[in-house]
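Below: one structure, written as structure tokens.
The values are calculated or read from the model by the stated rules, or taken from the named source; none is laboratory data. Remember, it's a predicted structure, so these values are computed and weren't measured experimentally. The protein model used for the area step is the full one, side chains on, heavy atoms only, and it has no ligands, DNA or RNA in it. Shrake-Rupley method; radii C 1.70, N 1.55, O 1.52, S 1.80 Å.
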Amino acid sequence: MKKRKYLPYIVSILIPLAVGGIAAIFTVKGMPFYKTQRKPWFTPPEILFPIVWTILYVLMGIGSALIWKSDTRNKTTALKIYAGQLAVNFFWSVIFFGLHWYLIAFFWLLLLIALVIRMINAFRSIRPVAAYLQIPYLLWCCFAAILNFSIWFLNR
């Protein structure tokens, strides 16, 4: 019985972790090229990225589980927005690291930010704590957009 109680959380955490892992597999060949690019002074150390993304994916998963377990009719819409932003998140990695299309990746990140804001608003109407868990993700995406734009600017 207890296993079923936690199953939505386990599944919900594994989904974004899997998306991030698959994105990493698809983009690992682009990392040597990325390392040769000029980067702004505020670029975090490489080791920080997988740590931050793991935390963000876990927070995303917990938030989506809270929505999934809710008894509101709006949860389907909220989860569709969540799935959409997760797909956009995945393709940003492909566009940036795989294809090296830095300017397109920047605009793609703006789309992601808009979807994350929309997701936060949808989550907030159902379970405010689920929305609050997404705020670090939104802030990281905003930082990533500044970093992405700066890398494009320095390497154009």
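Sequence-ordered 3J(HN,Hα) estimates for region 16-29 from the Karplus curve with 6.51, -1.76 and 1.60 and θ = phi - 60° stand at x, 4, 5, 4, x, x, 5, 4, 4, 4, 5, 10, 4, 5 Hz, glycine and proline given as x. Axis angle, to the nearest 10 degrees, between helix 135-155 and the longest C-alpha principal axis of the chain: 20 degrees. Helix 102-126 and the long axis of the chain differ in direction by around 20°, with both axes built from C-alpha atoms.
In the context of the full set of protein chains, residues of the chain present 58 Å² of accessible surface per residue (probe radius 1.4 Å, heavy atoms only).
Per residue of the chain, what 222 nm ellipticity follows from adding -39500 (n - 2.57) for every DSSP H run with n ≥ 4, rounded to the nearest 500?
On the way: 7 runs with 122 residues, N = 156.
It comes out at -26500 deg cm²/dmol, rounded to the nearest 500.
Nonpolar atom fraction for the chain, defined as the carbon and sulfur part of the 1.4 Å probe accessible area, stands at 73 percent. With θ taken as phi - 60° and the Karplus curve 6.51 cos²θ - 1.76 cosθ + 1.60 applied, the whole-hertz 3J(HN,Hα) list for region 50-58 is x, 5, 4, 5, 4, 4, 5, 5, 5 Hz, x standing for glycine and proline.
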